[in-house]
Amino acid sequence: MPDYRYLLSEREIPKFWYNVVPDLPVPMSPPLHPGTLQPAGPQDLEAIFPHALIEQEVTAAQNIPIPEPVLDVLRLWRPTPLHRAIRLEKALGTPARIFFKNEGVSPAGSHKPNTAIAQAYYNKTAGVKRLTTETGAGQWGSALSLACNVFGMECMVYMVKCSFYQKPHRRTMMECWGAKCVPSPSDLTQAGRKILAEDPETPGSLGIAISEAVEDAATHKDTNYSLGSVLNHVLLHQTVIGEEAMAQMELAGASPDVIIGCCGGGSNFAGLAFPFVPVKAAGKDIRLIGVEPAACPTMTKGIYAYDFGDKSGMTPLLKMDTLGHDFIPPGIHAGGLRYHGMAPLVSLLHRAGVVEAVSYPQMKCFEAALTFARAEGLIVAPETSHAVCCAIDEALKAKEEGKEKTILFNLSGHGHFDMAAYEKYFAGELSDYEYPAAKIQEALAHLPKAS
């Protein structure tokens with residue numbers, strides 16, 4: 001009888017973060033200053049980030065030590081379990097072996113605390129008293145609220161408006177940890193007031209919420225900004241997922257042929273997949289698949305270009321897969337995947353052919369989530385359902401081809417705060433939305449003129 005779970009002891013939590021930069025097939029393009037469009041230096045980030053995180057953003061070192069105070073907090077839930085989805089395999093009748101890394105066991109219910117704890121720690125040691133951030137579905141806002149509570153800091157969260165009202169219990173969760181959460185766009189910032197004046201009924205977007213959080217941080221001396229995805233240091237902190245998974249797959253006597261993660265900004269996918277990049281480069285036949293919603297098809301329909309990370313053009317320009325910073329995605333329930341850009345590191349690997357990208361409509365993802373829940377008992381977040389959907393598709397392909405295949409995906413968060421989304425699905429109130437090509441081209445037409 002095969003094991004269902006593969007566990008590591010607390011002593012086996014990774015002691016170093018893995019940095020993929022030295023293993024990239026081509027060098028990264030530098031970020032550009034939003035005013036001059038010239039390469040931005042570390043000094044351009046000092047207004048909103050502590051020095052230690054800026055160093056991690058630009059470092060070429062392959063292994064970065066994890067500070068002991070960070071490890072001490074990570075021990076609350078790490079290492080996370082690796083599961084073999086034996087019941088799902090049987091339900092699908094597939095010869096494939098399906099494994100998943102369960103990041104939903106963290107106090108905030110997702111992978112996000114892996115970087116929130118690190119970012120709060122580095123800001124605290126730099127003397128920062130308050131952090132601002134944006135959040136889509138609320139997973140990141142919850143995680144940073146937890147981290148700020150741990151280190152005795154204030155936390156201000158700008159939550160995308162449609163998600164703020166779709167997921168009220170996420171807001172309550174943040175408040176339990178002492179954070180303040182408001183719908184974005186809000187009347188608290190110049191950026192928010194401008195957008196509300198133009199469109200009072202806007203559903204909001206992560207780009208808008210980022211503009212508000214960055215403005216808030218830049219106008220308060222005791223405050224820094226914290227980002228939950230996209231940037232190099234954020235993806236770096238998430239690599240504990242893949243490092244643990246490698247050790248656990250060895251315990252299982254298996255090696256993944258396909259590695260899957262949902263993609264909004266790219267952090268949970270990168271956290272699982274990046275430690276396997278040098279293995280793939282060494283000749284191992286591994287497919288790394290990032291899954292995004294058809295309603296926000298950043299990699300599958302966007303272009304690779306310099307763009308702002310926020311709606312108002314306050315952030316440095318990053319070379320990334322983008323739909324344009326003016327892109328306002330529809331209010332699908334996978335709120336954490338509603339972002340116009342993809343992490344520069346993921347984008348580079350995608351354009352280099354190392355990473356594959358696919359997109360799925362939300363109805364197909366909810367169907368896959370229910371298949372998974374009824375086999376494995378776990379109800380996943382709408383974001384994670386995209387990874388589940390791809391894993392099921394890959395398992396069914398193996399069945400059609402009569403081939404054994406080992407599939408590993410990241411269960412990046414549970415769906416316990418997403419019952420309203422499931423309720424709407426059962427009531428027939430959800431529908432698919434594929435963003436029109438003309439609308440995408442309209443957003444892309446406003447890209448900054450940067451080479």
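The values are calculated or read from the model by the stated rules, or taken from the named source; none is laboratory data. Being a predicted model, the structure only gives us computed values, none of them experimental. Neighbour counts run over all protein chains shown; Cβ positions are idealised from the backbone, glycine included. Heavy atoms of the whole protein, side chains included, go into the accessibility calculation; ligands, DNA and RNA do not. Shrake-Rupley method; radii C 1.70, N 1.55, O 1.52, S 1.80 Å.
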So which pairs qualify, if the first residue must be in region 247-259 and within 12 Å of Ala96 (Cα to Cα) and touching a residue at least 40 places away in the same chain (Cβ under 8 Å), the second must be part of a loop (DSSP other than H, G, I, E, B) and among the charged types (D, E, K, R), the Cβ gap must be under 6 Å, and the two must be at least 6 apart or on different chains?
Asp257/Lys405
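May I ask you to list the residues in region 393-448 that are assigned to a loop (DSSP other than H, G, I, E, B) and without any contact (Cβ under 8 Å) to a residue 24 or more places away in the chain?
Once the filter is applied, which keeps residues that are assigned to a loop (DSSP other than H, G, I, E, B) and without any contact (Cβ under 8 Å) to a residue 24 or more places away in the chain, region 393-448 yields Ala427, Gly428, Glu429, Pro436.
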Exactly one condition in (1) farther than 22 Å from Tyr306 by Cβ; (2) out of contact with any Asp or Glu (no Cβ under 7 Å at 6 or more places or on another chain); (3) at pLDDT 95 or above; (4) open to solvent by less than 10 Å² (accessible area, probe 1.4 Å) is not met by Leu235; state its number.
(1)
Among the residues that make up region 267-281, is at least one of them modelled with pLDDT of 95 or more, touching a Cys at 6+ places or on another chain (Cβ under 9 Å) and not aliphatic (A, V, I, L, M)?
yes
Filter region 116-152 down to residues that are hydroxyl-bearing (Ser, Thr, Tyr), part of a helix (DSSP H, G or I) and over 18 Å from Glu383 (Cα atoms) and give me whichever is most open to solvent (accessible area, probe 1.4 Å).
Thr125
Exactly one condition in (1) part of a helix (DSSP H, G or I); (2) open to solvent by 60 Å² or more (accessible area, probe 1.4 Å); (3) more than 26 Å from Ala126 (Cβ to Cβ) is false for Met173; which is it?
(2)
Is it true that Arg193 is among the basic types (Lys, Arg), over 21 Å from the mean Cα position of the chain (by Cα) and assigned to a helix (DSSP H, G or I)?
yes
Condition first: in contact (Cβ under 8 Å) with a residue 24 or more places away in the chain, more than 30 Å from Gln166 (Cβ to Cβ) and not in a loop (DSSP other than H, G, I, E, B). Can you find one or more residues in region 210-222 that meet it?
no
If you scan region 183-201, which residues turn out to be open to solvent by less than 20 Å² (accessible area, probe 1.4 Å) and either out of contact with any strand residue (DSSP E or B) (no Cβ under 6 Å at 6 or more places or on another chain) or not small (Gly, Ala, Ser) (or both)?
Pro185, Ser186, Thr189, Ala191, Gly192, Ile195
Pull up region 399-439, narrow it to residues that are within 22 Å of the chain's Cα centre (by Cα) and of a type in the set (A, V, I, L, M, F, W, C), then point me to the one that is surrounded by the most Cβ atoms within 10 Å (Cβ to Cβ).
Leu411
Could you tell me how many of the residues in region 351-387 are open to solvent by 10 Å² or more (accessible area, probe 1.4 Å) and assigned to a strand (DSSP E or B)?
5
Qualifying position, being of a type outside the set (Ser, Thr, Tyr) and over 23 Å from Ser385 (Cα atoms), among Ala137, Ala108, Ala118, Ala143:
Ala118
Residue satisfying all of: in region 1-20; closer than 30 Å to Glu376 by Cα and hydrophobic (A, V, I, L, M, F, W, C); most open to solvent (accessible area, probe 1.4 Å) among these
Met1
Test for Ala61: is it open to solvent by 30 Å² or more (accessible area, probe 1.4 Å), among the aliphatic types (A, V, I, L, M) and in contact with a Pro (Cβ under 9 Å, 6 or more places away or on another chain):
yes
Among helices (runs of 4 or more DSSP H) completely within region 244-350, the ones holding 2 or more residues that are surrounded by 24 or more Cβ atoms within 10 Å (Cβ to Cβ) are 267-273, 298-301
